[in-house]
Structures are given as C-alpha cells and as structure tokens.
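The values are calculated or read from the model by the stated rules, or taken from the named source; none is laboratory data. Computed from a prediction, not measured in an experiment: that's the story for all the values here. Counting neighbours? That spans all protein chains shown, and the Cβs are built from the backbone with ideal geometry, glycine included. For the accessible areas, the whole protein counts, side chains as well, though only heavy atoms, and no ligand, DNA or RNA atoms are used. Shrake-Rupley method; radii C 1.70, N 1.55, O 1.52, S 1.80 Å.
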Amino acid sequence: MNSALTLYNSLSRKKEAFQSIHEGYIGMYVCGPTVYNDVHLGNCRTFVSFDVIFRYLRYLGYKVRYVRNITDVGHLLDGGEDRILKGARLEKLEPMEVVQKYTQGFHDMMRIFNVLPPSIEPRASGHILEQIEMVQAIIDNGYAYETNGSVYFDTVKFAEKEKVYGQLSGRVIDELFSETRDLKKQDEKRHPADFAIWMKADPEHIMRWKSPWSEGFPGWHLECSAMSTKYLGPTFDIHGGGNDLKFPHHENEVAQNVGACQCQPANYWLHTNMLLMNGRKMSKSDGNTITPEQLFTGNSEHISKSYSPMVLRFFMLQSHYRSTLDLTDDALGAAEKGYRRLMEGYRTLQGLSHSGQGNAGELDGEINQLIDQARAHMSDDFNTPMALARLFELVSKINGLRDGHLQLSQLTPETFARLQGAFSDFTFEILGLQEENIGGEANGKMDGLMQLIIELRQRSRANKDWATADKIRDTLQELNIQLKDGKDGTSWSLD
Ligand code: AMP
Ligand code: ZN
C-alpha cells in the first residue's frame, strides 16, 4: 500500500519537508471547542490542563508545536442538525457570524484563565480540501464506500483487517457492532457502526462544499485527522482532549489515519476527566451548570460568593487532569485560601534577602529536595496536585524564615537563589497562575472588613435598630456589594 505517500502529496507536503519542519519539535494536538455557544467551565478545565502540559514541556526546554483546532462545521447533534447551524437558526445569524462570535468569546475566556494561545489554531471549514483528499485516500485503500453522495467509513472491514478498532477506547468490537445505532441515514450504511466521513448536504443545509461525491460537508471526526496530519505529520507525539471524546471521536480518528496512511496518529493519548458540580456531571440540560461569569460575580444559587479566575485556575490544578473534579462552594473556598497562601508565600520570599553568608545544613538539603520532588511530580504525568503539595511545604519553610523559626544562614546563597527562581517558575511559568490586582492581601483585608460590617449589621438587627441595618445594606448596594442572608449566616459578593 503506498497510500502514505498519496496522503503526503495530497496535503501538498513532501515527506522530506515534513521531517525538516518537525525535527526537534514535540507535536501536540488537542481537540478544541465547537463554537456554537459559550464555552463552559468543563471545556475550560480541559484547556487549562493542556496549557499546563504545554507550559511544562516548554519549561523543560522542548520546542512544542501545539495545535488546537476550532470546530466550525460537521459536529452534528444527536438529531442530525449541525451545531453551528442550530446556533445560527436560534440567533438568526450567518453560520460564520456564530463561529466568529463564539470563537471570540472562547479566546476571551482563555485569556482570563491565562491560557497561552496554541502555535496553530486551524478551523475545520478552512481545511475542506485536505479533508476531501483524506476521504479519497481512505476510499483508495478500500476502507470507505459511497452511497447517494455520502461517504461512509467501512468500520467492519477495517476492524477485521487492521485489528486496531476499539483499542484506544477499550471497546469490545462484538458489543460495539451489536449495540451501535445511529438515527441519521441508517439505511445508507452497510453496517450501523460505519460512520460518515463525507455527508451529502440536504437542500436547506447552508454550509456546503463541492466534492467528487456530492455538494456536502465533512464528518466531524475527519477534521482532526486531516489537520493534525497537515500540521504535525502523520504520527506525532501527543493527542489530547476530554475523555468524553475517546469514543467515538478519537477511536474514529485513529481508524481514519490508519485507513488513509497506515499511521497511528499519536504516540501518546492524554484524556482529561470531567468536571462535576456537587457530585453530578455539569450539564446544561438538567440545570446543573454554572458559567465562568457567574463564578466571577457570585451570581448563582450554587455558590455563596464570587471567585476570581485565578482561584478557579488554582482549583483546577488541585486535582490531577485524569481525575474527576467536583466543583462545590466549599472546595472553591478552600482553593481561594490555598491560592492566597501560595501568593503570600511568593511575596514573602521576594521580600527576603540573603546576606551571602550561609552553610548547607539540614534545611538546605530539605529545600533542594522539595524543589527536586516538585519537578519529579510534574515529570510523572504532569501531577499538579503533588507538585502543589511540595510548593506548600516550601511556603511553610518560607514563613519559618520570615518569622525567625528558621535562619537564612542555614542556606547557601545558591540554594536561596534556586528557591526564589524555582518558586516563581513553578507558580507562574509552569502552573500559569498570576497575581491578581484585587487578590492576595488586599482581598483578605476586604474580606475582613466585610465580616466586620456584616457583624455590625447583625448586631443592629438583634437590637431592632432597623434604620442602621437598612443603611448598611443600602450603602453597600450603592457600592455594588450584595449581601446574601442564608441559613449559615450572611455572605457578600461584588456585583
Ligand atoms: P466541545 O466544544 O464539546 O467539543 O468540547 C471541547 C473540549 O472540552 C473537548 O476536549 C471536550 O472533551 C472537553 N469537555 C467537554 N465537556 C467537558 C467537561 N464537563 N469537563 C471537562 N472537559 C470537557
Ligand atoms: Zn478532535
């Protein structure tokens, strides 16, 4: 089979050219958002996780080519409607207006969470030619067939011949083939487990392109196969996404790549786990959802107060990317304390200065060991919670140095400089946290003041001094500070 060569040519790249571009680079591809509505906090968790991976690899000195796509065509809802077209219908917008609007919103949110932009952010609709050529390569290799202008991947034939189908997601082929059902265009497929790689557009379907088979649009899984191949080569290092994408999206991606060029797309697959809220999957349909804006303003029944973007980022880093993460008011409160403690540790460390006189004693060894361990945790599948635990042990040492329980003379100047450098590198460069203007100390003072005001108001109410109690509430309201009386007391939030 010489289809690997066919694919290189079809993507207008020579094999040699690929090699020279990719030499010395780590290639990482992450499935990006489908831009038909606001990005939700679960999406943010996945992108923050891969941001830390991107940052850590760069910190280690690797050159990383990070591709994170924008899905703007072909991702259908269960009923068969294209998500973008649904957005366009509901908002009475051009499909590309919908794409523009929510891509912008996604970028804004990524900036708020201090997520670095990827090296390349390709759009599915900008790579139709590459997708058509990949469909052709799969047909040429005998793994796809056309029916009525649509092209389907022949999953049964592929599974029999290549023996890789189901491996990534751990699905048992027999069960898969007996249980799969797909409501749309079932009759056109030879088997229910086959999936569309090109779909003929119905007359009312706006997003459509000419192809050898029909005027239509590519199947959703295809864009990632074609765009990762184009920008990272047929086999690259890391492919990521949320674990809800393992099947069918990623399993079908592998099938397409192997079907087109006999290449497994990625050496490593990394899947982030889901964000829950109060123990249940965060989901719009049953109301168990909260937007980033609601968190930043405190305007939701699920939380007692507002939480800043960096507190949320810290909260996400407190669990490993492969574990589920449960968002609760208590957990966010704890994350806020942790974030402040870390930032205060950083500021304290910046304020210390070493005299230049010091010997390597026990403390010196402990500090060096904690730094080494933090790095080892990050190198062990990007274990951010363990790395944070070591940083907090360093904060205890830093506070000891500040309070005089520990002495700077117990450290060599080199170790002190290493501590300052490593603490800052881990906090800002690797974990991607930022100091917040109204965070840290100022936030703590504001909270203290508000507790005092709340107590005074409660005292006025207990004394039936309603005029004072009302004045406190009204004045705070004028300052856009809301008080919320609950069974556990009164909380406050900034509007
Ligand atoms: P989508 O826009 O639905 O295609 O999702 C964009 C990315 O966010 C994908 O990598 C998904 O796997 C991921 N994702 C979606 N929902 C969640 C969630 N609740 N928790 C974590 N990641 C998610
Ligand atoms: Zn994808």
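Overview of values
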read-out	value
Some residue of segment 399-418 being closer than 18 Å to Ile53 by Cα, open to solvent by less than 80 Å² (accessible area, probe 1.4 Å), part of a helix (DSSP H, G or I) and hydrophobic (A, V, I, L, M, F, W, C)	no
Glu251, sole failed condition from (1) at pLDDT below 95; (2) in contact with a Leu (Cβ under 6 Å, 6 or more places away or on another chain); (3) within 16 Å of ligand 2 (Cβ to nearest atom)	(1)
Extreme residue, farthest from ligand 2 (Cβ to nearest atom), among residues of segment 24-45 that are small (Gly, Ala, Ser), under 25 Å from Gln264 (Cβ atoms) and open to solvent by 10 Å² or more (accessible area, probe 1.4 Å)	Gly24
Flag if Leu342 is open to solvent by less than 30 Å² (accessible area, probe 1.4 Å) and under 17 Å from Asn278 (Cβ atoms)	no
Tyr165 part of a strand (DSSP E or B) and either under 22 Å from Leu77 (Cβ atoms) or of a type outside the set (S, T, N, Q) (or both)	no
Test: residue in segment 164-174 that is within 16 Å of ligand 2 (Cβ to nearest atom) and open to solvent by 10 Å² or more (accessible area, probe 1.4 Å)	yes
Complete set of residues in segment 320-336 that are in a loop (DSSP other than H, G, I, E, B) and more than 18 Å from Ile290 (Cα to Cα)	His320, Tyr321, Arg322, Ser323
Pairs with Cβ under 8 Å, 6+ apart, first in segment 444-465 and farther than 30 Å from Glu344 by Cα, second open to solvent by 40 Å² or more (accessible area, probe 1.4 Å) and in a helix (DSSP H, G or I)	Arg457/Thr468; Arg457/Arg473; Ser460/Trp466; Ser460/Thr468
Single match in Ser323, Ser300 (criterion: without any contact (Cβ under 8 Å) to a residue 24 or more places away in the chain, surrounded by fewer than 18 Cβ atoms within 10 Å (Cβ to Cβ) and of a type in the set (Gly, Ala, Ser))	Ser300
Contacts under 6 angstrom Cβ, first residue in segment 56-71 being basic (Lys, Arg), partner part of a loop (DSSP other than H, G, I, E, B), 6 or more apart	Lys63/Gly24; Arg65/Ser119; Arg68/Gly32; Arg68/Pro118; Arg68/Glu121
Selection status of Glu215, away from ligand 1 (no atom under 16 Å from the Cβ), open to solvent by 50 Å² or more (accessible area, probe 1.4 Å) and at negative phi	yes
Flag for His205 being within 16 Å of ligand 1 (Cβ to nearest atom), touching a strand residue (DSSP E or B) at 6+ places or on another chain (Cβ under 9 Å) and open to solvent by less than 40 Å² (accessible area, probe 1.4 Å)	no
Residue list for segment 83-114, filter: within 16 Å of ligand 2 (Cβ to nearest atom) and either farther than 30 Å from Gln434 by Cβ or of a type in the set (D, E, K, R) (or both)	Arg83, Ile84
Residues of segment 72-112 satisfying the condition of being modelled with pLDDT under 95, in contact with a strand residue (DSSP E or B) (Cβ under 7 Å, 6 or more places away or on another chain) and open to solvent by less than 20 Å² (accessible area, probe 1.4 Å)	Asp72, Val73, Gly74, Asp82
Filter result (without any contact (Cβ under 8 Å) to a residue 24 or more places away in the chain and within 11 Å of ligand 2 (Cβ to nearest atom)) within segment 254-293	none
Failed condition for Ile481, given (1) among the hydrophobic types (A, V, I, L, M, F, W, C); (2) within 34 Å of the chain's Cα centre (by Cα); (3) modelled with pLDDT of 90 or more	(3)
Residue among Ser10, Ser3, Ser20 that alone is away from ligand 1 (no atom under 16 Å from the Cβ), surrounded by fewer than 18 Cβ atoms within 10 Å (Cβ to Cβ), at pLDDT below 95 and of a type in the set (Gly, Ala, Ser)	Ser20
